[in-house]
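The values are calculated or read from the model by the stated rules, or taken from the named source; none is laboratory data. Keep in mind the model is a prediction, meaning the values are calculated, not measured. Here the Cβ positions follow ideal geometry from the backbone for every residue, glycine too, while neighbour counts run over all protein chains shown. Surface accessibility is based on the protein's heavy atoms, side chains included, excluding ligands, DNA and RNA. Shrake-Rupley method; radii C 1.70, N 1.55, O 1.52, S 1.80 Å.
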Amino acid sequence: MCIRDRYQRRVRDLHLFTMFPATFQKPLTPPTELPPVDLEDLEGSFMRVGDVLIEEACKAMAEGYDMPATEVDWIRNMLEYNVKGGKANRGTMVVVSAKLLWEHQGRTIDTDTLGKMCVLGWCIEWMQAWLLVADDFMDSSKTRRGKVCWYLREDVKTVALNDAFTIEMLVYKLLKNYFVGEAYYLQLLDLFLETTMQTEVGQLADTLCMNMKISDFSVDRWTYIVKYKTSFYSFYLPVALAMIVGGVTEVEAYCKAREVLVKMGVYFQAQDDFLDAFADPETLGKIGTDIQDKKCGWLFVHAYNDLASAAQQQMFDEHYGKCEVGSTEEIAIKELYKEFGLEQLYHEYEAKTKVECEAMMDQLDPATPRSIFEAFLNKIFKRQK
């Protein structure tokens, strides 16, 4: 049964028109049928579903909110610019996780379910998009995914803030359009709401660093920031979504999965901090600004607290967060990182973390297959961008 037919049946059987009387104005329009998903061409299939969802969002704005054509065109162009262009690792990992979970359960995943997993994957990608639009604005970033940041476009500027909020709300519109008839719909809402809260907690800790002395930046503070700002939405969320749809109900299964995935997420952010200073901007797809932006980053907290002399700490105090990208002072700080042997220290941390994650996989609940976590770790280990 196709999504549209099943949607119409559930609307009739469950009386979904009256489930939400406070917001009901007219019958819900059935969601657009999704293109078939080919696991042999997951990237291409995922992108094709993404194109459908952009049009689905535009249709929802026009039909549900009487939005004029000019504004609908803005929504379409804004989504095209901001939700595409990334590696889509988070989104496609929802699909991969579901496939591996279904295999673990002795089931064959069907095309309809694969389509739903792509929708959930894009919900994560859209969640990340609005976070990045806002983050780039707050950090005064210049480029993102090889393009000028959205807020720096002459026709955008501060409209970018409203666009960020709009993308966030469209995530919930997609969830309602495609999953309102599912028994697990409220679980999806709860997970996205909680993950957004966790991410905002991390974002607050990150942005408040601007009011702190860099001597207050510690390894513990860095770990707290990245755990909440990155780990939950980038690593736990894709797997937890597959588990929900796959019918996993054991609390212990989610706890064990969260433990190892959060650790991977912390490692992932250490990678990001390392690449910000040492990767080629063209390969990375952005210009690193952590030194300019006074970021509480992995490189800095180890350099300042563990390796710098008093004179070198003074140099950090005078220039860290006070110099521009490409300036003599920024280059001097990067040279210090090299002198301290931070590249080697990072590679040792990377190898150690991989071993620890693999050991944690041995403690997973039987409801979740090790293969999901191995796939995630293999995707990020020693990444270059």
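Structural remarks
- Test result for LEU364, open to solvent by less than 60 Å² (accessible area, probe 1.4 Å), more than 27 Å from CYS149 (Cα to Cα), over 26 Å from the mean Cα position of the chain (by Cα) and of a type in the set (A, V, I, L, M): no
- Any hit, segment 112-131, residues being more than 15 Å from GLY50 (Cα to Cα), at pLDDT 95 or above and in contact with a helix residue (DSSP H, G or I) (Cβ under 6 Å, 6 or more places away or on another chain): yes
- Filter result for the condition that a residue is in a helix (DSSP H, G or I), open to solvent by less than 60 Å² (accessible area, probe 1.4 Å) and farther than 21 Å from GLY202 by Cβ, over ALA311, ALA253, ALA257: ALA253
- Residues (crowded, with 20+ Cβ neighbours inside 10 Å, outside any helix (DSSP H, G or I) and in contact with a strand residue (DSSP E or B) (Cβ under 8 Å, 6 or more places away or on another chain)) located in segment 142-154: CYS149
- Check on ILE372, in a helix (DSSP H, G or I), within 22 Å of the chain's Cα centre (by Cα) and among the hydrophobic types (A, V, I, L, M, F, W, C): yes
- Of everything in segment 314-326 that is open to solvent by 70 Å² or more (accessible area, probe 1.4 Å) and among the acidic types (Asp, Glu), the residue that is nearest to VAL219 (Cα to Cα) is GLU318.
- Some residue of segment 331-354 being acidic (Asp, Glu), over 26 Å from the mean Cα position of the chain (by Cα), under 24 Å from ASP136 (Cα atoms) and modelled with pLDDT of 95 or more: no
- When ARG48 is tested against the conditions (1) more than 22 Å from ASP163 (Cα to Cα); (2) modelled with pLDDT under 95, the lone failure is (2).
- Residue within segment 171-192 that is β-branched (Val, Ile, Thr), modelled with pLDDT under 95, more than 17 Å from VAL94 (Cβ to Cβ) and open to solvent by less than 30 Å² (accessible area, probe 1.4 Å) present: yes
- Segment 45-65: number of residues that are closer than 15 Å to ASN177 by Cα and open to solvent by less than 50 Å² (accessible area, probe 1.4 Å): 12
- Of residues in segment 19-44 being polar (S, T, N, Q) and out of contact with any Gly (no Cβ under 9 Å at 6 or more places or on another chain), the one surrounded by the fewest Cβ atoms within 10 Å (Cβ to Cβ): THR23
- If you go through segment 317-337 and keep only what is closer than 13 Å to ALA303 by Cβ and in contact (Cβ under 8 Å) with a residue 60 or more places away in the chain, you end up with ASP317, TYR320, TYR337.
- If you go through segment 136-170 and keep only what is at pLDDT below 90 and of a type outside the set (Lys, Arg), you end up with MET138, ASP139, SER140, SER141, THR143, GLY146.
- For segment 282-308, a residue qualifies if it is β-branched (Val, Ile, Thr) and part of a helix (DSSP H, G or I), and the qualifying residues are THR283, VAL301.
- Flag for PHE232 being crowded, with 22+ Cβ neighbours inside 10 Å, at negative phi and in contact (Cβ under 8 Å) with a residue 60 or more places away in the chain: no
- Count - residues of segment 235-250 that are among the hydroxyl-bearing types (Ser, Thr, Tyr) and either open to solvent by 20 Å² or more (accessible area, probe 1.4 Å) or touching an Asp or Glu at 6+ places or on another chain (Cβ under 8 Å) (or both): 1
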